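**Student:** Below is one structure. I have some questions about it.
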Amino acid sequence: MAGQSVTTPGTPDARPPANLVQLKADINALIASSGAEVAVAWRPLDAKPGEEILINPTLRFHAASTMKVPVMIELFRQANVRLLKLDDKVVVTNQFTSIQDGSPFVLAVTDDSDGEMYKALGTKLSYRQLVEASITVSSNLATNILIERLRARNVQATVDTMGASGMQVLRGVEDQKAFEAGKNNSTDALGLLTLFEAIGKGRAVSAKASAEMVEILKRQRFTDRIPAGLPAGSVVAHKTGNVTGINHDAGIVYAARPYVLVVLTRGIKDSKVSAKLIADITSLTARATN
């Protein structure tokens, strides 16, 4: 049900502080008034026992472009074990294989938030350039090139190893036949919380790799969701995602006490309305670390 919270089992000494109980109630009221299905996960990087807000943390959503975060993590993992180098170059192509029947498909520039990558077709770009485009401007073409090289099964294996199986990566973007068969990338708020917490704590692949991923995420160019609910100049390392009726944002807010925030939404047709809802929820959570 929209706005209904899910209680996560805890120990008797892990009860949330009184201010968080009220804050969670305020967020639930905001969600209820929106009429949308929403999941929220909030936790400081240095959280004490019980210091978190979880609302529908295991409710599953279409992952949209948030699945590009585990793709990035897998890229850095493969670089770490020397299966590739971030500065290795690959040919930019626009032909991919459907997981449904092995047939080829291509991406349309009109359906991609990044048109610049298509200008590079036939040329070579580095993995570093591809992941930058995949995260900062949410390039579908760059993401699919990465997935073809890294393999979705390897992305998922890394996600599972990190304890973030709430994120399920089956395929690249715009695989229409797979979509029609119901084979979609999906996530829950807890899975994304786990991934961003690992990055923020320097535990995703390595401390060095985590630091590099944070810097890429800080260069995110879509700022109408979590950043819009924070004071001007706030630093956020985050990844957005949206498809029709779906709008998400998840990342690390570098406040006085840095924290991870994930907000997933479903059921609002106007993306500007759902973006404002995410910003309003962010504004409420921001007071928890003031």
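The values are calculated or read from the model by the stated rules, or taken from the named source; none is laboratory data. Keep in mind it's a predicted model, so treat the numbers as computed, not measured. Every residue, glycine among them, receives a Cβ derived from its backbone with ideal geometry; neighbour counts consider all protein chains shown.
**Student:** Specify the residue that is nearest to Val253 (Cα to Cα); the eligible residues are those in region 198-210 that are assigned to a helix (DSSP H, G or I) and out of contact with any Gly (no Cβ under 7 Å at 6 or more places or on another chain).
**Tutor:** We begin by selecting, within region 198-210, every residue assigned to a helix (DSSP H, G or I); these are 198-200, 207-210.
Keeping just the survivors that are out of contact with any Gly (no Cβ under 7 Å at 6 or more places or on another chain) gives 198-200, 207-209.
Values: Ala198: 14, Ile199: 12, Gly200: 10, Ala207: 18, Lys208: 19, Ala209: 19 Å.
Selected residue: Gly200.
**Student:** Go through Ala79, Ala25, Ala63 for me and flag whichever is at pLDDT 95 or above, out of contact with any helix residue (DSSP H, G or I) (no Cβ under 9 Å at 6 or more places or on another chain) and among the small types (Gly, Ala, Ser).
**Tutor:** Numbers: Ala79 fails: out of contact with any helix residue (DSSP H, G or I) (no Cβ under 9 Å at 6 or more places or on another chain); Ala63 fails: out of contact with any helix residue (DSSP H, G or I) (no Cβ under 9 Å at 6 or more places or on another chain).
On inspection, the qualifying residue turns out to be Ala25.
**Student:** Right, another one. Being out of contact with any Gly (no Cβ under 8 Å at 6 or more places or on another chain), within 25 Å of Thr158 (Cα to Cα) and among the hydrophobic types (A, V, I, L, M, F, W, C) is the requirement here; does Leu195 meet it?
**Tutor:** On the way: out of contact with any Gly (no Cβ under 8 Å at 6 or more places or on another chain): yes; within 25 Å of Thr158 (Cα to Cα): yes; among the hydrophobic types (A, V, I, L, M, F, W, C): yes.
Yes: the conditions hold for Leu195.
**Student:** Restricting to region 228-250, give me the number of residues that are in contact (Cβ under 8 Å) with a residue 12 or more places away in the chain and either assigned to a loop (DSSP other than H, G, I, E, B) or hydroxyl-bearing (Ser, Thr, Tyr) (or both).
**Tutor:** Total satisfying the criteria: 7.
**Student:** Further, regarding this structure: Taking only region 254-272 into account, find how many residues are hydrophobic (A, V, I, L, M, F, W, C) and more than 19 Å from Thr187 (Cβ to Cβ). Explain how you work it out, then say what you get.
**Tutor:** Step one: of region 254-272, the residues hydrophobic (A, V, I, L, M, F, W, C) are 255-256, 260-264, 268.
From the residues that got through so far, the ones that are more than 19 Å from Thr187 (Cβ to Cβ) too are 255-256.
Qualifying residue count, region 254-272: 2.
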